[in-house]
Amino acid sequence: MRFGPQHAHTAASLLRAIDLLEAELRELQERVTAHLAAIPASCGVDADGATGPEAGRASGAAGLPAAERLDEIPGLGRESAMALIAEIGLDMSRFLTPQALVSWAGLTPTARQSGLRKGRGEKGHGNTYAKRIAVLAAYAAANTDTFLGERFRHLSSRPGRGGRQKAGCAVARSILIIVWHLLNDPAARYRDLGSD
């Protein structure tokens, strides 16, 4: 089959649709960035104590902006960090412990056995959006040469059913615990423990 005028018209139409979606995505990302910059707790802190949307980016800054601190976690990009902040919020006083955040996201392991019967049980409760972001970040971290990547590979290689899924949930829990610590202490920074 030869590439004819009808094919050119279809290709041009698809390219216009892609351009339209990319423009819509850029506009939404700009709006999210503007909303996040309007929240004082999401801003960084300069060495002199000044805060604001552009503060915290210098080399001697006392604290990075919240999204940039979460962006340092392997597997979690800037857009994912902003989406996680949108779901969780910046006030960690509502989650007294990291485990409370993990439970709120629906990633707490539960026993699904009653007597001799074993079954899947009911679907766990929790914020499905935060859970999905954390699990996708866990799968992205699996390809890195970091502590989280090594943890994923180690857990997925264990014998039994559902190795990659179980590893994804376990590493997602670890990511949410790291997120809790970074949001609970604005001066804290992520430090990788290394793949060994």
Response to the item:
Note on Ile73: of the conditions (1) assigned to a helix (DSSP H, G or I); (2) of a type in the set (Val, Ile, Thr); (3) modelled with pLDDT of 80 or more; (4) over 17 Å from Asn127 (Cα atoms), unmet is (1)
Practice prompt. Go through the residues of the stretch 170-190 one by one and say whether even a single one is open to solvent by less than 80 Å² (accessible area, probe 1.4 Å) and charged (D, E, K, R).
Written response: yes
Practice prompt. Can you run down the residue pairs with Cβ atoms below 7 Å, 6 or more apart or on separate chains, where the first is in the stretch 173-196 and part of a helix (DSSP H, G or I) and the partner is open to solvent by 70 Å² or more (accessible area, probe 1.4 Å) and not hydrophobic (A, V, I, L, M, F, W, C)?
Written response: Ser174/Arg151
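Any idea which residue in the stretch 112-150 is farthest from the chain's Cα centre (by Cα), counting only those that are of a type in the set (Lys, Arg) and modelled with pLDDT under 90?
Step one: list which residues in the stretch 112-150 are of a type in the set (Lys, Arg), which gives 112, 117-118, 120, 123, 131-132.
Restricting the remaining residues to those that are modelled with pLDDT under 90 gives 112, 117-118, 120, 123.
On the way: Arg112: 27, Arg117: 36, Lys118: 32, Arg120: 26, Lys123: 22 Å.
If we take residues in the stretch 112-150 being of a type in the set (Lys, Arg) and modelled with pLDDT under 90, then Arg117 is farthest from the chain's Cα centre (by Cα).
The values are calculated or read from the model by the stated rules, or taken from the named source; none is laboratory data. Here the structure is a predicted model, which means the values were calculated and not measured. Cβ sites come from the backbone with ideal geometry, for glycine too, and all protein chains shown count toward neighbours. Note: accessible area is taken over every heavy atom of the protein model, side chains too, but ligands, DNA and RNA are not part of it. Shrake-Rupley method; radii C 1.70, N 1.55, O 1.52, S 1.80 Å.
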